[in-house]
Amino acid sequence: MSHSQPVTVPCVMKIAGTGSYVPERVLTNADLEKLVETTDEWIMSRTGIKERRIAAEGEATSDLATKAALRAMEAAGVTAEEIDLIIVGTISPDTFFPSTACHVQRNLGAVKAVAFDVSAACAGFLYAMQIARQFINGGTRKTALIIGADKLSGMVNWQDRNTCVLFGDGAGAAILTAKEPNDGDPSGVLSSVMASDGRLTDILSVPGGGSAIPITPENADQRLNTIHMQGREVFKAAVKYTLEACEQVIERAGLKADDIALIIPHQANVRIVDAIRERLGLPPERAFLNLQKYGNTSGAAVAIALDEAVRSGVVKKGDNILLVAFGAGFAWSASVIKW
Ligand code: UT7
């Protein structure tokens, strides 16, 4: 199985604005100590997570996504009517159908857009970015809204300490626009990788609730509609595949690791981020981390981190930044972007 298909089309796309939203309710490690047999010390030392946000009762993934989208639209100076493509990367859709993207389209009044979801778990936002990039580079769409949004609090088994300490809810968004190829502005995507390995479907999944294993009164007590994860296997695959992807996109951009001003990685575990960063030979300040505040927000994580890095001024005009994410599938994606 090959994992290294490059996306080599010339770039006529730029990121015009970013936005993010996290719910107000904070769930700390101390709160979790009251729910399961765990400690703040274990969670901090094994993951780096201190607290996470939990959506309010009745707050759906599309509500989180819409709030993030409005902030990205404001930053980009783009109206709902101008958006002609909406892609939401999510594994916690409002409904099996219609898509969460259609719910967002309705909320925004983006009447001219085509809207659909992409299922790539934690790589959802970067998959959405690559798909939108194909539309824009192909000339069929000009203004795309891409969103990574997940509400995993509704899919977690709150009695399973192996998983419930890891996840949080949130959404991040970006507006991508077409630009003239020879306008003198070097910003845009320099190189990308999108890949998946279906041999690893079993190491991270919600096994029940779909067509394969419907939830029935007989199996309801097995909690098959919650996240099941082989943590160590996921850890190993994440380090292997995302390191490989980082090296590929750096090389294909014609750069060296030291040319990357900032890695904005998936926010699953600080030890995974450290392993990748160290193997690239980069110091700690070159990796952006916010998992201590939000935990792993799945498809939203890289998008929220990108927005925070941009708004806080950590990302500067002209910087080469590396976005990288991995998740269930196994699915992963990386991009080098000149800001
Ligand atoms: O977006 C992708 C999503 N998932 C990931 O990225 C997860 C990748 N994996 C990881 O981040 C790590 O594997 C974990 C954080 C999930 C677990 O860390 P670990 O260092 O791999 O721990 P482990 O699973 O090997 O468990 C070590 C011990 C076990 O006890 P024993 O068998 O050694 O007695 C676990 O039962 O830690 C125990 N343990 C806990 N203890 C306290 C597992 N979860 C907890 C907990 N609190 N929450």
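In segment 188-338, what is the volume of the convex hull around the alpha carbon atoms, normalised per residue and reported in Å³?
Spread over its residues, the Cα hull of segment 188-338 gives 122 Å³ apiece.
Where the only charges are on Cβ atoms (+1 Lys, Arg; -1 Asp, Glu), what is the dipole of the chain about its Cα centre, to the nearest 20 debye?
560 debye
Suppose each label sits 7 Å from its Cα in the direction of the beta carbon; what would the residue 36-residue 183 distance come out to in nanometres?
4.7 nm
Taking the alpha-carbon set of the chain, what are its Rg and Dmax in Å?
Gyration radius and largest Cα-Cα distance of the chain: 18.9, 64 Å.
Peptides 210-217, 146-153: what's the order by average Cβ count within 10 Å, highest mean first?
Result, highest mean first: 146-153, 210-217.
Just name one of 15, 138, 89: the one whose Cα is farthest towards the positive end of the charge dipole of segment 13-178 (beta-carbon charges, Lys/Arg +1, Asp/Glu -1).
Sorting the options by dipole projection puts first 138.
Of all the stretches in the chain, which is the longest one without any exposed loop site, taking GluC sites (Glu not before Pro) in a DSSP loop (any state but H, G, I, E, B) with at most 13 other Cβ atoms within 10 Å?
Here the longest segment lacking exposed loop sites spans 58-217.
I want to check the label-to-label distance for residue 158 and residue 26. Put each point 7 Å from Cα in the C-beta direction and report it in nm to one decimal.
With each label placed 7 Å out from Cα toward Cβ, I get 1.9 nm.
Give, rounded to the nearest 20 debye, the magnitude of the charge dipole that segment 18-143 has about its Cα centre when Lys and Arg contribute +1 at Cβ and Asp and Glu contribute -1 at Cβ.
For this selection, approximately 500 debye.
Calculate, in nm to one decimal, what residue 316 and residue 216 gain on full extension: separation in residues at 0.36 nm each, minus their alpha carbon distance.
30.7 nm
Okay, helix-only estimate at 222 nm for the chain: each DSSP H run of n ≥ 4 adds -39500 (n - 2.57), divide by all residues, round to 500 deg cm²/dmol; what do you get?
-9000 deg cm²/dmol
For segment 188-338, give the magnitude of the charge dipole about the Cα centre (Cβ charges: +1 Lys/Arg, -1 Asp/Glu; no others), in debye to the nearest 20.
Its charge dipole is roughly 300 debye.
Could you sort out which of 67/256; 67/236; 142/236; 179/256 sit more than 31 Å apart by Cα distance in this structure?
With Cα atoms farther than 31 Å apart: 67/256; 67/236; 142/236.
Taking segment 1-134, how much of its Cα-Cα pair set, in percent, is spaced more than 22 angstrom apart?
Tail of the P(r) past 22 Å holds 50 percent of the pairs.
None of the figures in this text is laboratory data; all of them are computed from the coordinates on show. Source: prediction; values computed, not measured. Backbone-built Cβ (ideal geometry, glycine too); neighbour counts: all protein chains shown.
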